[in-house]
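**Q** Quick one: the structure is below, and I'll ask about it shortly.
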Amino acid sequence: MRRSGVILAITAIVLFGAWWFYESRDPVPWSDIEIDKLRSLWIGGLPPVPPDPSNRVADDRRAAELGHKLFFDPRLSGNGNVSCAVCHQPARRFTDGLPKGRAIGLSKRNTPSIVGTAYSPWLFWDGRKDSQWSQALEPLENPAEHGGNRMQYVRLIACDPEYRAGYEALFGTLPDFSDYSRFPEAAAPGVNPEWNAAWQLMSSEDQERINEVFINIGKMIAAYERLLLPAPSRFDAYIEAVLDGDDIAQQMIFNDAEIRGLRLFINDARCTECHNGPLFTNNEFHNTGILSYPGEVPDRGRSNGMRKVLGDPFNCLGHYSDAAERRCAELSFVRTGIELVGAMRTPSLRNLEDTSPYMHKGQMISLAEILDHYNRAPPAMIGHNESSPLGLSRSELRQLEAFLETLAAPPATTTQWLAPPDSAN
Amino acid sequence: MVNYLKKNKFHASTLWTTALFLLLPLSIIAAESGIEATQGKSWKSAAGKFRVSYSSELEPIIINQIHHWILHLETIDGEPVPDAEIIVTGGMPAHNHGLPTSPRSTQYLGNGDYQIEGMRFHMAGYWEITVTINTGGVSDMVLIPLEL
């Protein structure tokens, strides 16, 4: 009896030990449904960059080279000091580390990354632009950002020999902008009264000549931005190991916290409802009850952005777009409605490492803060918070954070594109 | 658990409890089932006047990609219905939100077929597409369930 008791005890201890060890490693194997979810997030499933029919030079290498030069050129500004790269810094995954962008003045929102935006039908936090080229133009004339005017930028293309030659090779002969009585020093429609007055005095034909070149500046910058793509991260290596059924590789790549965090990410934490697909974004608009910036009224987000993009002469359906009407499906079938009040575009999670602060006004500094917010899901200040409380424990939130950190990877783009082009070239 | 082992004399029942703990997670995994396919079916309208089926440009339908459907509309007796007004809405009941786009019927293709453009889904999960049909003074609606 005593002997059998000892055997039972030993058996129990061995079983308990096995259970304990099993729990402390991978909790349970991935189910088939989970493997499908994991595959859907894997960068290997990312299709080639979709065409941009609104930009006829989108995939022209010469346009990308000129766009590269334009992106890093501070002459594209009112004070000669602000290039796109001032806020979209390659070393910070094309963000700036600030709550809100700071150039000539203070921008209204947080600087989003550019990496992977070629896949998005909508640009800016509120989606008020529907192409990369149209997006690239707005900051150039925003007084708080580049603070210049389109006449000035068009003249830069006409006067810089390299820009001029490159431009004419792509788009044909530039109009003659040398007559200052027709084409003054500075002119642009919009908020600057002097520039606006000069713009209004111009003939509509001359305005059109300027607009055409201005638009093409955006299209060249967009051709460059299309090259900024995400690279495989440690997460993607783990998924490859899962898909290969390679248990040893899985254990070498991810620790327990990361595996558990990933499991929460695709299941109980419901992150993939919005952060889905290989870019971890559905590029859609959601109100998640993010508090407004201290001292500011809540941002109406997509409900304003949708109205702006529909009325924008630089949208896909406008005559500056190269797309046939039927290629503008996203704009033609755009959603309206009350759900969009306070909604912001879902950001990719592939650039988290160097992109703090987060959210549309940089309201959150750390991933822990964000996870705590989604765990609580407080009521929205404006509109309706789509999310609901998750009820996750502290340790589960830490596991989610551990997983999110595995998505870090530098852009897949070769280093030549990540620094200013050599001026000797 | 460790304290429990130290303080109590070990019985066979404890072994069974341990075994149960070991088996429980496995039974939960086994209980997870596959996603039911909804394609290739037809749906009867709420008032029983029409039958609707659809085919999608994307097969299978994947999230985050705009595409079109061809919706086939026929009477309950199988006669194709031409020139009906078709209104397509939809959403995820569990999330209390609609489609991310505003799809429309853009063309009648003949034989009861209607081109529905601007379909896009932005989340995996259970969706409901509501097709409202207005024709010859008759109004009816069809609810199409869709698991993505």
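The values are calculated or read from the model by the stated rules, or taken from the named source; none is laboratory data. As the structure is a computational prediction, the values presented were derived from the model and not from experiment. When we count neighbours, we look across all protein chains shown, and the Cβ atoms used for this are built from the backbone with ideal geometry, even at glycine.
**Q** All but one of (1) within 14 Å of the chain's Cα centre (by Cα); (2) more than 29 Å from residue A:230 (Cβ to Cβ); (3) of a type in the set (A, V, I, L, M, F, W, C) hold for residue A:174; which doesn't?
**A** All conditions pass for residue A:174, except number (1).
**Q** Determine which single condition residue A:278 fails, assuming it passes every other condition in (1) within 14 Å of chain B (Cβ to nearest Cβ); (2) surrounded by fewer than 20 Cβ atoms within 10 Å (Cβ to Cβ).
**A** Of (1) within 14 Å of chain B (Cβ to nearest Cβ); (2) surrounded by fewer than 20 Cβ atoms within 10 Å (Cβ to Cβ), only one is false for residue A:278: (2).
**Q** Would you confirm whether or not the range A:340-360 contains a residue that is without any contact (Cβ under 8 Å) to a residue 12 or more places away in the chain and small (Gly, Ala, Ser)?
**A** No, that holds for no residue.
**Q** Collect the residues in the range A:194-242 that are buried (at least 16 other Cβ atoms within 10 Å of the Cβ), of a type in the set (S, T, N, Q) and not in a helix (DSSP H, G or I), keeping them in residue-number order.
**A** The answer is A:233, and nothing else.
Okay, residues lined up against (1) crowded, with 16+ Cβ neighbours inside 10 Å; (2) touching a Phe, Trp or Tyr at 6+ places or on another chain (Cβ under 8 Å); (3) not aromatic (Phe, Trp, Tyr):
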| site | (1), (2), (3) |
| --- | --- |
| A:150 | yes, yes, yes |
| A:161 | no, no, yes |
| A:170 | yes, no, yes |
| A:176 | no, no, yes |
| A:192 | yes, no, yes |
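**Q** Got a sec? Which of A:110, A:81, A:55 is assigned to a loop (DSSP other than H, G, I, E, B), at negative phi and without any contact (Cβ under 8 Å) to a residue 40 or more places away in the chain?
**A** A:81
**Q** Would you mind telling me which numbered condition in (1) within 14 Å of chain B (Cβ to nearest Cβ); (2) over 13 Å from the mean Cα position of the chain (by Cα) residue A:122 fails?
**A** (2)
**Q** Just checking, how many residues over the range B:78-120 are of a type in the set (D, E, K, R) and either more than 27 Å from residue A:328 (Cβ to Cβ) or not in a strand (DSSP E or B) (or both)?
**A** 3
**Q** Which residue out of A:318, A:342 is farther than 24 Å from residue A:52 by Cβ and among the small types (Gly, Ala, Ser)?
**A** A:342
**Q** Ok, one more. What are the residues in the range A:281-302 that are surrounded by fewer than 22 Cβ atoms within 10 Å (Cβ to Cβ) and small (Gly, Ala, Ser), if any?
**A** Hits for the range A:281-302 are A:289, A:292, A:295.
Listed here are the residues, each with its yes/no results for (1) farther than 19 Å from residue B:48 by Cβ; (2) in contact with a His (Cβ under 7 Å, 6 or more places away or on another chain).
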residue: B:69; (1), (2): yes, no
residue: B:78; (1), (2): no, no
residue: B:88; (1), (2): yes, no
residue: B:92; (1), (2): yes, no
residue: B:96; (1), (2): yes, no
residue: B:102; (1), (2): yes, no
residue: B:107; (1), (2): yes, no
residue: B:111; (1), (2): yes, no
residue: B:115; (1), (2): yes, yes
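**Q** Oh, and also: Based on what the data block shows, is residue A:394 modelled with pLDDT of 95 or more, surrounded by fewer than 21 Cβ atoms within 10 Å (Cβ to Cβ) and not polar (S, T, N, Q)?
**A** So residue A:394 fits the description; yes.
**Q** OK, next. Out of all the residues in the range A:317-339, which are facing chain B (nearest Cβ under 9 Å) and in contact (Cβ under 8 Å) with a residue 60 or more places away in the chain?
**A** Answer for the range A:317-339, where residues must be facing chain B (nearest Cβ under 9 Å) and in contact (Cβ under 8 Å) with a residue 60 or more places away in the chain: just A:330.
**Q** To continue, here is another question. Could you go through the range B:30-47 and let me know if any residue there is within 14 Å of another protein chain (Cβ to nearest Cβ), more than 21 Å from the chain's Cα centre (by Cα) and either at positive phi or at pLDDT below 95 (or both).
**A** yes
**Q** So residue A:66 clears everything in (1) over 18 Å from the mean Cα position of the chain (by Cα); (2) buried (at least 19 other Cβ atoms within 10 Å of the Cβ); (3) assigned to a loop (DSSP other than H, G, I, E, B) except one condition, right? Which one?
**A** Just one mismatch for residue A:66, condition (3).
**Q** Another question, then. Applying the selection to the range A:181-201, what residues are in contact with a helix residue (DSSP H, G or I) (Cβ under 6 Å, 6 or more places away or on another chain) and of a type in the set (A, V, I, L, M)?
**A** Once the filter is applied, which keeps residues that are in contact with a helix residue (DSSP H, G or I) (Cβ under 6 Å, 6 or more places away or on another chain) and of a type in the set (A, V, I, L, M), the range A:181-201 yields A:186, A:187, A:188.
**Q** Right, here's the next one. Within the range A:116-151, can you find the residues that are in a helix (DSSP H, G or I) and hydroxyl-bearing (Ser, Thr, Tyr)?
**A** Of everything in the range A:116-151, those that are in a helix (DSSP H, G or I) and hydroxyl-bearing (Ser, Thr, Tyr) turn out to be A:117, A:119, A:134.
**Q** Also, quick follow-up: Only one of these is buried (at least 17 other Cβ atoms within 10 Å of the Cβ), among the aliphatic types (A, V, I, L, M) and closer than 30 Å to residue A:275 by Cα: B:116, B:133. Name it.
**A** Checking each option against the conditions leaves just B:116.
**Q** Tell me, which residue of the range A:329-338 that is assigned to a helix (DSSP H, G or I) and more than 22 Å from the chain's Cα centre (by Cα) is farthest from residue B:99 (Cα to Cα)?
**A** Among those residues, the one meeting the criterion is A:332.
**Q** Here is a follow-up. Out of everything in the range B:86-113 that is within 12 Å of chain A (Cβ to nearest Cβ) and loosely packed, with under 14 Cβ neighbours inside 10 Å, what residue ends up being farthest from residue A:343 (Cα to Cα)?
**A** That would be B:107.
Here is a yes/no grid of residues against (1) farther than 22 Å from residue B:94 by Cβ; (2) at pLDDT 95 or above:
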| residue | (1), (2) |
| --- | --- |
| A:342 | no, yes |
| A:346 | no, yes |
| A:366 | yes, yes |
| A:404 | yes, yes |
| A:412 | yes, no |
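**Q** Which one is farthest from residue A:188 (Cα to Cα), of the residues in the range A:122-150 that are in contact with a helix residue (DSSP H, G or I) (Cβ under 6 Å, 6 or more places away or on another chain) and of a type in the set (A, V, I, L, M, F, W, C)?
**A** Checked the range A:122-150; the qualifying residue farthest from residue A:188 (Cα to Cα) is A:123.
**Q** Does the range B:121-148 hold any residues that are within 14 Å of chain A (Cβ to nearest Cβ) and either polar (S, T, N, Q) or part of a loop (DSSP other than H, G, I, E, B) (or both), and which are they?
**A** Within the range B:121-148, B:121, B:122, B:123, B:124, B:125, B:148 qualify.
**Q** Would you pick out the residues in the range A:390-425 that are hydroxyl-bearing (Ser, Thr, Tyr), over 23 Å from residue A:115 (Cβ atoms) and not assigned by TED's automatic domain parsing to the domain that holds residue A:257?
**A** Listed by number, the list holds a single entry, A:423.
**Q** Residues of the range B:63-77 being outside any strand (DSSP E or B) and touching a residue at least 24 places away in the same chain (Cβ under 8 Å), which ones?
**A** Passing the criteria: B:63, B:64, B:65, B:66, B:76.
**Q** State which residue is farthest from residue A:225 (Cα to Cα) when the search covers only the range A:27-51 and only residues that are free of Cβ contacts under 8 Å to residues at least 40 places away in the same chain and assigned to a helix (DSSP H, G or I).
**A** That would be A:32.
**Q** Using the structure shown, decide if residue B:58 is more than 10 Å from chain A (Cβ to nearest Cβ) and over 30 Å from residue A:278 (Cβ atoms).
**A** no
**Q** Within the range A:321-334, identify whether any single residue is of a type in the set (Val, Ile, Thr), within 30 Å of residue A:232 (Cα to Cα) and crowded, with 18+ Cβ neighbours inside 10 Å, and answer yes or no.
**A** The answer is no, given that none of the residues of the range A:321-334 is of a type in the set (Val, Ile, Thr), within 30 Å of residue A:232 (Cα to Cα) and crowded, with 18+ Cβ neighbours inside 10 Å.
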